[in-house]
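Here is the structure we will look at, set down as structure tokens.
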Amino acid sequence: MIHCARLLLILCLFGATIACARDIHYGAVTDPDLLRCDRLHWQGRLAESDPCYRELLRTHGSVAVQAEVAWALGDLQLANQLFRDAARNNPEDASIRVRWGDLFADTHQDDEAMNLYREALAIDPESEFATLGAARVLVGGFDDAANTYLEPLLSDSTRDAGARGAAWLVVARVSLESSNYSQGFDALNKAEELLEQNDWPLLELYALRAAADLLNNVTESSYTSISLEANPHFGDIYAIPAHFYVITRRYRDAIDLYQKAVDIDPGLAEAHEELGVNLLRDNQMSRARKHLEIAYNEDPFSPKAVNTLRLLDSFENFQLINDPETPEKGVLPITFRLHRDEAAIIVPYAARLARDSIEEFTGRYGFELKEPVVVEMYPDHEDFAVRTAGMPGLGILGATFGYVVAMDSPSGRPPEQFQWGTTLWHEMAHVFTLEATDHLVPRWFSEGVSVFEEWRSGPNPGVRIPMTVYSAMKGDRFLPVAELDEGFIRPTYEEQVIVSYMQAGLVCQFIDENYGTDKLRGMLQSFKNGMQTGEAIEAVLGISPSAFDHEFARFVDRDHGDFLSSLDEWHHAQSSIVELVAEGQWQDIVTSAEHLISMLPQYVEPDSPYLALARANEELGHHDEAMAALETFWKQGGYAPASLKRLALWLQDAGRTAEAIEAYQSVNMVDPLDQELHGVLGELLLEENRAMEALQEFTIALELDPHDRATAHFRMAKAHHALGNKAESQGQLLLALDVAPNYRPAQRLLLELMGADAGT
């Protein structure tokens, strides 16, 4: 049966002629006339392959072969139509559905491709190339089900040699991406033997061997020249190694290789696309747009190219703000790209945080930044996701590309789920670990330092570990330190990425406590020198990786073992609190919450028992106990904005004004778009004779377009008056009276100022 959804491709591709060729098919197509043209193309003899294909399109009697030829010539509309006709005319031919599926996979429509592969396997359960195609799609989606499809090709020597060789290439690529180099080299050797025996082109193999050389810091691979001799127009000899530069976050090196790829293969759409995306990561906007537009023209169906071009169009809604506004000698500039509706609100806090982080990390890690930092914040999370990966749906909060930081803005997520200040601190730590090592730092160590710095020095310090991570600890799901990168790159269970973040942070905490902060700095230097994780641990810490794992496990058990043994009890008690709240059993909640806190006093996630304890005590009229619970929650690193605002109000009522100010300032690291908060905080700052800080809060409150503009202008006037800015104060009072002519506080202050000017 031919699904009607496939007819949509014809509409999508109407009139499209894409200057790209089919990948090497390793025997999925066996027609000798077509293979003759294919081999000319694989040798880079384009002046001969093009007329060869055109002649076949005109004369060959097989509709399936004509579909292949149309695809090779870039006419995807015609190729799709011909594959459809061929499948209808030959309903029992699995190979036609396989190649039709390959066409869909090549045009970024993986679901339809998988449907066709399944149909092919229903016709012929032994179809090697249907199995191979399905495995490739699933690998691209990081789906472990790919192993089910790959295993028969890898283990059964009676299967088609071309399909088996291609399967080993898939294994090699995944292994190299996961830093499993020995397995990667073994897979490449197996692939080479199979492909050579059957005279299939080795171009993809050469590209992966060049990538393997690159990962071993051999930047001038002999396989590059071998490949160019075999086909001087094979752009993937540069583009595939460039991909490995990207996943190891060496974006500028990737840019150079992608440029070489499109220089020798100008129609290589994916290379243009990746070049554009990585130029954006280096803040080269105009050059990035040029290559993204080329990619779109060559392949208008790539979601990444379309999404990124739309993102670039949206930049007209953003402002560039420099800190400082005018260059100052010895001060590294920071540029903020912020949405115009939020820029004036966010930049005062973001600039101070970024400056503080630079001072903190420069001293700690002994590295001075060499270039200005660019910080981008996106109010639409999907825009940030596209900025980061070219596609929506990304779950992370921020990303760093060297001297460019991109992240959600404070409005990009609900404030109770996102502390933007901590995220900025985390990403600024990445700037240092990446640049101090020339981007050679392993992902786990860079993430570990950033998480540890959140806990140690961030705007809301405290060790915050989600309960899912404790479950992973109890289940012994931490990875050996030498394999920790795999938890980020190719996770094997749903929560592994966040578990890997927390494990990496704990590893850095362990190194800092047991060996000293200077060893964290030493690890960075060893990575800059090209060492892998195991080598760096031995060189800097003087211990083998296996011994390190043993010592780290003892550290985790020392700090968390007692709680892990009571984890089931915790979950039961936590669940009971939810029921008790619904029933209003406040005294029982106090008892349960205090028990949970005694088990894990540092737990301040959104379901922290401190919050339940505070509410229960408040309901019982135990005000001091409620305030103490929220204060402990705050000082342990909790950041629930509604709770912190309540705490700040209680501190204010208790006459603890300085602490109330600190609590309100903590809320600004979560929800700076709270207009009422800025007015209250500004008034407290004025009471404490901190008029300049008060002016900033009142200015931001006014930027948020409050309903009561008269009061907002009057507050601005008071701050200017306290600073001795008479003209500015009078101007704000007149604005207040323009809104509310009978606003008495403004009238009185204006008369006072005028009387002072008149000497009365």
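The values are calculated or read from the model by the stated rules, or taken from the named source; none is laboratory data. Keep in mind it's a predicted model, so treat the numbers as computed, not measured. No Cβ is skipped: glycine too gets one built from the backbone with ideal geometry, and neighbour counts run over all protein chains shown.
List, please: which pairs have Cβ atoms under 7 Å, are six or more places apart or on different chains, and start with a residue in the stretch 278-297 that is more than 16 Å from residue 406 (Cα to Cα) and not assigned by TED's automatic domain parsing to the domain that holds residue 402 and end with one that is hydroxyl-bearing (Ser, Thr, Tyr) and part of a helix (DSSP H, G or I)?
From residues that are more than 16 Å from residue 406 (Cα to Cα) and not assigned by TED's automatic domain parsing to the domain that holds residue 402, the pairs are 292/308.
For the stretch 475-524, which residues satisfy the criterion of being over 24 Å from the mean Cα position of the chain (by Cα) and without any contact (Cβ under 8 Å) to a residue 60 or more places away in the chain?
475, 476, 510, 511, 513, 514, 515, 516, 518, 519, 522
From the list 548, 633, exactly one residue is closer than 30 Å to residue 180 by Cβ, of a type outside the set (Gly, Ala, Ser), crowded, with 21+ Cβ neighbours inside 10 Å and under 34 Å from the mean Cα position of the chain (by Cα). Which is it?
None of the others qualify; the one that does is 548.
Restricting to the stretch 492-532, what's the tally of residues that are at pLDDT below 95 and of a type in the set (Phe, Trp, Tyr)?
1
Each row is one residue, and each column tells you yes or no for (1) among the aliphatic types (A, V, I, L, M); (2) in contact with a Leu (Cβ under 8 Å, 6 or more places away or on another chain); (3) modelled with pLDDT of 95 or more; (4) in the same structural domain as residue 574 (by TED's automatic domain parsing).
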| residue | (1), (2), (3), (4) |
| --- | --- |
| 624 | no, no, yes, yes |
| 629 | yes, yes, yes, yes |
| 639 | no, no, no, yes |
| 657 | no, yes, yes, no |
| 683 | no, no, yes, no |
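Test residue 149 against the criterion of being over 21 Å from residue 211 (Cβ atoms), at pLDDT 95 or above and among the hydroxyl-bearing types (Ser, Thr, Tyr), and give yes or no.
Details: over 21 Å from residue 211 (Cβ atoms): yes; at pLDDT 95 or above: no; among the hydroxyl-bearing types (Ser, Thr, Tyr): yes.
Against the criterion (over 21 Å from residue 211 (Cβ atoms), at pLDDT 95 or above and among the hydroxyl-bearing types (Ser, Thr, Tyr)), residue 149 does not qualify.
When the stretch 700-718 is examined, which residues are found to be in contact (Cβ under 8 Å) with a residue 24 or more places away in the chain and either of a type in the set (Phe, Trp, Tyr) or in a helix (DSSP H, G or I) (or both)?
Once the filter is applied, which keeps residues that are in contact (Cβ under 8 Å) with a residue 24 or more places away in the chain and either of a type in the set (Phe, Trp, Tyr) or in a helix (DSSP H, G or I) (or both), the stretch 700-718 yields 700, 701, 703, 709, 710, 711, 712, 713, 714, 715, 717, 718.
Which residue, of 499, 451, is more than 28 Å from residue 662 (Cβ to Cβ) and in a helix (DSSP H, G or I)?
499
Hand me the list of helices (runs of 4 or more DSSP H) wholly inside the stretch 255-361 holding 2 or more residues that are within 20 Å of residue 237 (Cβ to Cβ) and of a type outside the set (A, V, I, L, M, F, W, C).
Qualifying helices (runs of 4 or more DSSP H): 269-281, 285-298.
Quick one: in the stretch 595-651, of everything that is in a loop (DSSP other than H, G, I, E, B) and of a type in the set (Phe, Trp, Tyr), which residue is nearest to residue 583 (Cα to Cα)? Explain how you work it out, then say what you get.
Let us first name the residues in the stretch 595-651 that are in a loop (DSSP other than H, G, I, E, B), namely 600-608, 620-622, 636-640.
Among the residues that remain, those that are also of a type in the set (Phe, Trp, Tyr) are: 603, 639.
Working: 603: 24, 639: 27 Å.
Here the answer is 603.
Can you tell me which residue among 614, 626, 717, 654 is touching a helix residue (DSSP H, G or I) at 6+ places or on another chain (Cβ under 7 Å), farther than 25 Å from residue 410 by Cα and surrounded by fewer than 24 Cβ atoms within 10 Å (Cβ to Cβ)?
On the way: 614 fails: surrounded by fewer than 24 Cβ atoms within 10 Å (Cβ to Cβ); 717 fails: surrounded by fewer than 24 Cβ atoms within 10 Å (Cβ to Cβ); 654 fails: touching a helix residue (DSSP H, G or I) at 6+ places or on another chain (Cβ under 7 Å).
When all the criteria are applied, what remains is 626.
All but one of (1) farther than 22 Å from residue 215 by Cα; (2) among the hydrophobic types (A, V, I, L, M, F, W, C); (3) in a helix (DSSP H, G or I) hold for residue 539; state the number of the condition that does not hold.
Failed condition: (1).
Just the residues that are more than 22 Å from the chain's Cα centre (by Cα) and within 10 Å of residue 432 (Cβ to Cβ), please, taken from the stretch 349-360.
360
For the stretch 76-93, which positions are outside any loop (DSSP other than H, G, I, E, B) and surrounded by fewer than 22 Cβ atoms within 10 Å (Cβ to Cβ)?
Answer for the stretch 76-93, where residues must be outside any loop (DSSP other than H, G, I, E, B) and surrounded by fewer than 22 Cβ atoms within 10 Å (Cβ to Cβ): 77, 78, 81, 84, 85, 88, 89.
Across the stretch 347-388, what is the total count of residues that are without any contact (Cβ under 8 Å) to a residue 12 or more places away in the chain and either surrounded by 23 or more Cβ atoms within 10 Å (Cβ to Cβ) or under 21 Å from residue 309 (Cβ atoms) (or both)?
Result for the stretch 347-388: 2.
Does residue 367 satisfy the criteria of being of a type in the set (Phe, Trp, Tyr) and part of a strand (DSSP E or B)?
no
Looking only at residues that are acidic (Asp, Glu) and under 23 Å from the mean Cα position of the chain (by Cα) in the stretch 228-257, which one is surrounded by the most Cβ atoms within 10 Å (Cβ to Cβ)? Spell out how you get there, then give the answer.
Within the stretch 228-257, the first condition is being acidic (Asp, Glu), and the residues that meet it are 229, 236, 253, 256.
If we keep only those that are under 23 Å from the mean Cα position of the chain (by Cα) as well, we get 253, 256.
Values: 253: 20, 256: 16.
Here the answer is 253.
So, in the stretch 482-522, exactly how many residues are aliphatic (A, V, I, L, M) and within 16 Å of residue 536 (Cα to Cα)?
Count: 6.
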